[in-house]
Amino acid sequence: MSAASVLPVVLARLEYLLREGPVKFENELRNTVEPLLSELRVIERFLLSNENSYVRNQRAEEDNHNTDQSSNVIINNNNNTDFNKRVIQLAYDIENAVECHAAASVREVRTTSTTTTTTISSSSRVLGGDGRIMISVKSLLKSCRSSSTSSSSSACVDIHTFNKRIDELKGSVYLRDDNRRETTAELAYTAAAAAAAAEEFQGDYMHQERSALIVDGGLDIDSDADAMEEQKETLLPNLLHDQDTPIVLLGMGGVGKTTLTRKVFNDPEVVRCFECRAWAFVGQEFRARDVLGAILSSISHEQSREQIALMDTMMLMEQLYKFQKGKRCLIVLDDVRSKDAWETLRFAFPKEPRNRIIITTRLPEVASHFNGYKQQVRMWTESESWDLFKKKSGLRDSDINNNQKIQETVCEILNQCQGLPLAIIAFANILKGKKAEDWDAVLQSTQVGANPEARISIFLRLSYDELPLHLKPCLVYLGQFPPGQPIPVDKLYLMWMAEGLIHVSSSSSVEERLKIAEEYLRYLVGRSLVTMDKGGSAGGTYSCRLHNLIRDLCILKGKEEGFLRITDFKNTSASLTTPSHRVAIYMDQDEYVDGEILSSYIPEPKQVRSLLFFGNFKSVAFKSRGGLILELFEWTRVLDFDGVVFLAAFTKLILKSIDKLLYLRYLGFRGCYLDQDQLTLMSFSNFLYLETLDLRVSTTSSTCKILIIPNVLWKILSLRYLYFPVSFQSDDAPKKLKLAGMTRLQVIENFHAGVCDANDLLQFEHLQILTGTADGNTKDFKTIISVINGGNQNLCQSSLIFKSFDCYSKERRFLLKQLLQCDTIHGLHLEGHIRRIPENLTLTKIASVIRLSYHNLYLLMLFSPTFDGSEFIDQDHLLQVLGRVQQLRTLVLCNDAVVAKETLIISGGFIELRSLKMANLQYLENWVLDSKAMPNLSILTIEQCDKLQRLPDEVMERVKLTELKIGSMSKDFENIVREMAREQLKKGKDKLNVTFYDC
């Protein structure tokens, strides 16, 4: 983003490299580099003074400074953008230089050894045994031309080059040398004020009560408002009435079309009436294949995601058409921008009255193309606007009634907004926290004529400008993701951290980093700049998304600062004309793209620090005359492939070239499709700085049931976050995957004791989060229980699956008792014959240990047990013990976890339980629930309990019950549930969402 945002990130990184990076710097070298850092800090303080001009003005008033003197340190606005870019490039070049020379020194040491083992011992001897390689000032002053020939890296040739560039920057800032002392003092004050402001922000959000800010898609408009409810009641009868033409919702951007549609889409009556429902975003960058694929994957479980990804447009149409035939389906096409989009898609939908399609659009010419029911999504009335403004701004009625000035100002604000909800929300967010006397100044800056859409643009810009400095790049970063695509928050956090956008010290724990990342996102959600939606049930991963107008703003800001650019291979006019530090590439599987075209789309690839690929690589070649295409992006720090299908013909070229990216900090393959042995093409030996490796590829495809991982990961000594796929094995199996030596690991996900050595966990003294599986081996059980039960002092959260955990022996029963009393248990899945809970078992220690749920934003799931095939014969004792666990949020009983009785009786307790799942309990016929048990139950799932006759009436009376999922149950059971849901609807409980499906 701005230089004031980038400099703190680079400075923190350089300080980390000097202090505790993978190499150790001699004092002479430290004394050479640190003056550069001092000069950058001076520039940073100057930039902060411009970003926080109000702080300087306050200081000037207090000290009676002459305004003419203070104006000498302000950059001319015409030169501000150029100055920012020069500062950013200088900071990045210095960072490149230090990392380049560090990497060269490591390579030099490693080449003196003949084997991998002697490499490590040789390095240790150089460092005196602390695992870091020593480099000297002579090394830094050597040329890096052998590593790079870019203009960016040419700055690495000599340290004096940086000094010259810094002097040039100073010359553009300090107009007179005799002002230097006064300016420095003032800037020091400004830096302190800025630091205090950041600390205040963090304090406000880190210590307040954590609130659930989950928004069910769409714009963060109050979906329960009278305006939404009235329009829903108008739309609903037309939707439920059989008709073979689409329903069209028309309205300008920000009026709430998506919110209204989502409200109807999730209405209990709609859910009951339609067998399947699907939602697809169309948008300006329309791709028929993506839209059709999204719909098919939502409603059909017959094809895997890999199969759908490999289908062309015509095959998708055919499959989608066949699936809908004879069924009652509801399809939403959100934000259709052209008649051609519908004319392309319509052949995929049978023209049957029972099937309904909802189309939202902001263009009257698109709406006029349809002959069916149309509904204009209206502006809000004055009273509705007042209510929305008060809710979003935090104003109370007493604040307004007792202050005539506030009344007049709010009236003027609402007059400007003209009943447009997004404008009202944006304006309310701008004014939130400001004093009433400051509102007039904001009003004056928004006088932009009568066009409401123009006002939205101004309001959103002001909302962006009002953000704290460190949050601006975090918001703009979201603009890289494709429109309408959910962004998994856990992945977003990792990418923010890899980019250095989370402002924490290098010694901060992963829990602290994730907490701060969460607070950043919560702040953006609270300002209505980002919306949240949740995938799956309780315990599922959350995702966020941007409203289209806000995404447009992020892209615009990214272009202005050279922060990010998007290139779309379907749009040949989308090639980049100016360099950018971050590039998102939207691949089009129907087009042939070779390396020559890719390189022509992205000027100066050596300046790119973040490279994201979206789409798949079907029919895409990646070879150019200059070599493997990814080699051109040699300074890239973040490389992510999102849902990419790697075809065998091109994978070797791609993966081989990744090995050349020496400076990567983040490498992700989440959701990608690779053949099971393709990853063995990578050596993983060149990554000196890699901190995050995400190997969570899809293992559901026919070509990759188990991912084969080369047994060389232990070479990545810098790794902090390691994510394995669900199923994997070593390339030299039956040998286990070696992890020993990766002493910096803080997070391991999907660890499997059958593939990796459980004893390696004992070496990870910094490990804080662990999810994994152990299968039948008592020795592995003992080791893992030892690790999570005090063997690792830093471990704060674990989620484990223990398979074949039969408790026939005294030793196994003792292990079970130890396991259930572990302090750091977050999630526990037990499979095996347990039969009895250990005697004298207390679970009180599980209540207050974990403060953050890593995978689940806002939902604190402190303890989530799953009992699979446990065959408890004393289920009453089991339920009594679990019912007393105060922080139990999720409980799963499946595969005959209880077998002794035909009737399941829950007599009390489970005060904090949010989600209950019962599946495949073949002996269960009746369920009795006490009226005081499970008062906070919100999600109930019943699957394949063939003998269960009905649900308890008491469960339907739970006030917070919002989601009821019924899978593969008898028709009689489903009919009873439908009737019970109707009765609740008559009582006014319209928030209950009932879903029926086949497992």
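Kindly state which strands (runs of 3 or more DSSP E) lie completely within the range 906-997 and contain at least 3 residues that are free of Cβ contacts under 8 Å to residues at least 40 places away in the same chain and open to solvent by 10 Å² or more (accessible area, probe 1.4 Å).
Here the list reads 926-929.
Which of the residues spanning the range 665-715 are aliphatic (A, V, I, L, M) and open to solvent by 40 Å² or more (accessible area, probe 1.4 Å)?
Correct list: Leu681, Ile706.
Could you list, in sequence order, the residues of the range 721-762 that are in a loop (DSSP other than H, G, I, E, B) and under 24 Å from the mean Cα position of the chain (by Cα)?
Phe724, Pro725, Val726, Ser727, Arg744, Leu745, Gln746
So, in the range 233-250, exactly how many residues are within 8 Å of Ile358 (Cβ to Cβ) and out of contact with any Ser or Thr (no Cβ under 7 Å at 6 or more places or on another chain)?
So the count comes out to 3.
Which residues, counting only those in the range 766-804, are among the hydrophobic types (A, V, I, L, M, F, W, C) and not in a helix (DSSP H, G or I)?
Passing the criteria: Leu767, Ile769, Leu770, Ala774, Leu795, Cys796, Leu800, Ile801, Phe802.
Could you list, in sequence order, all residues of the range 694-714 that are among the charged types (D, E, K, R) and modelled with pLDDT under 90?
Correct list: Lys705 only.
Being assigned to a loop (DSSP other than H, G, I, E, B) and among the aliphatic types (A, V, I, L, M) is the filter; apply it to the range 292-323 and report the residue that is surrounded by the most Cβ atoms within 10 Å (Cβ to Cβ).
Met311
Give the range 370-391 a look and list any residue that's surrounded by 13 or more Cβ atoms within 10 Å (Cβ to Cβ), farther than 19 Å from Gly253 by Cα and touching a residue at least 12 places away in the same chain (Cβ under 8 Å), or say none.
Phe370, Gly372, Tyr373, Trp386, Asp387, Lys391
Quick one: is Asp399 within 29 Å of Glu233 (Cα to Cα), open to solvent by 10 Å² or more (accessible area, probe 1.4 Å) and in a helix (DSSP H, G or I)?
no
Can you tell me which residue in the range 932-950 is nearest to Leu921 (Cα to Cα), limited to those that are out of contact with any Leu (no Cβ under 8 Å at 6 or more places or on another chain) and of a type outside the set (Asp, Glu)?
Here the residue is Gln944.
Which of the residues spanning the range 462-493 are open to solvent by 10 Å² or more (accessible area, probe 1.4 Å) and part of a strand (DSSP E or B)?
Pro488
Please tell me if Asn429 is in contact (Cβ under 8 Å) with a residue 12 or more places away in the chain, over 30 Å from Val282 (Cα atoms) and polar (S, T, N, Q).
no
For Glu453, work out the one condition from (1) more than 21 Å from Thr531 (Cα to Cα); (2) modelled with pLDDT under 75; (3) open to solvent by 40 Å² or more (accessible area, probe 1.4 Å) it doesn't fulfil.
Just one mismatch for Glu453, condition (1).
Anything in the range 908-951 that is touching a Gly at 6+ places or on another chain (Cβ under 8 Å) and among the hydroxyl-bearing types (Ser, Thr, Tyr)? List them, or say none.
Those that are touching a Gly at 6+ places or on another chain (Cβ under 8 Å) and among the hydroxyl-bearing types (Ser, Thr, Tyr): Ser915, Thr941.
Take the residues in the range 75-100 that are part of a helix (DSSP H, G or I) and either at pLDDT below 75 or touching an Asp or Glu at 6+ places or on another chain (Cβ under 7 Å) (or both); name whichever of them is surrounded by the most Cβ atoms within 10 Å (Cβ to Cβ).
Checking each candidate, the answer is Asn84.
When you check Glu61 against the structure, is it surrounded by fewer than 19 Cβ atoms within 10 Å (Cβ to Cβ), of a type outside the set (Val, Ile, Thr), in a helix (DSSP H, G or I) and at pLDDT below 50, yes or no?
In short, yes.
Could you please tell me which pairs satisfy a Cβ distance under 7 Å, a separation of 6+ or placement on different chains, a first residue in the range 321-350 that is under 14 Å from Val282 (Cβ atoms), and a second residue that is at pLDDT 90 or above and surrounded by fewer than 16 Cβ atoms within 10 Å (Cβ to Cβ)?
Note: pairs meeting the criteria are Arg337/Leu363; Ala348/Tyr321.
Give the range 350-381 a look and list any residue that's of a type in the set (S, T, N, Q), within 25 Å of Leu316 (Cβ to Cβ) and assigned to a loop (DSSP other than H, G, I, E, B), or say none.
If the condition is that a residue be of a type in the set (S, T, N, Q), within 25 Å of Leu316 (Cβ to Cβ) and assigned to a loop (DSSP other than H, G, I, E, B), then Asn355 is the only one that fits.
In this structure, does Arg289 turn out to be assigned to a helix (DSSP H, G or I), among the charged types (D, E, K, R) and over 22 Å from Asp998 (Cβ atoms)?
Here the answer is yes, as Arg289 does meet what is asked.
Just the residues that are assigned to a helix (DSSP H, G or I) and either open to solvent by 10 Å² or more (accessible area, probe 1.4 Å) or over 26 Å from Ile550 (Cβ atoms) (or both), please, taken from the range 260-286.
Arg262, Lys263, Phe265, Pro268, Glu269, Val270, Val271, Arg272, Cys273
The values are calculated or read from the model by the stated rules, or taken from the named source; none is laboratory data. All values derive from a computational prediction rather than experimental measurement. Cβ sites come from the backbone with ideal geometry, for glycine too, and all protein chains shown count toward neighbours. Calculation scope for accessible area: heavy atoms of the full protein, side chains included, ligands and nucleic acids excluded. Shrake-Rupley method; radii C 1.70, N 1.55, O 1.52, S 1.80 Å.
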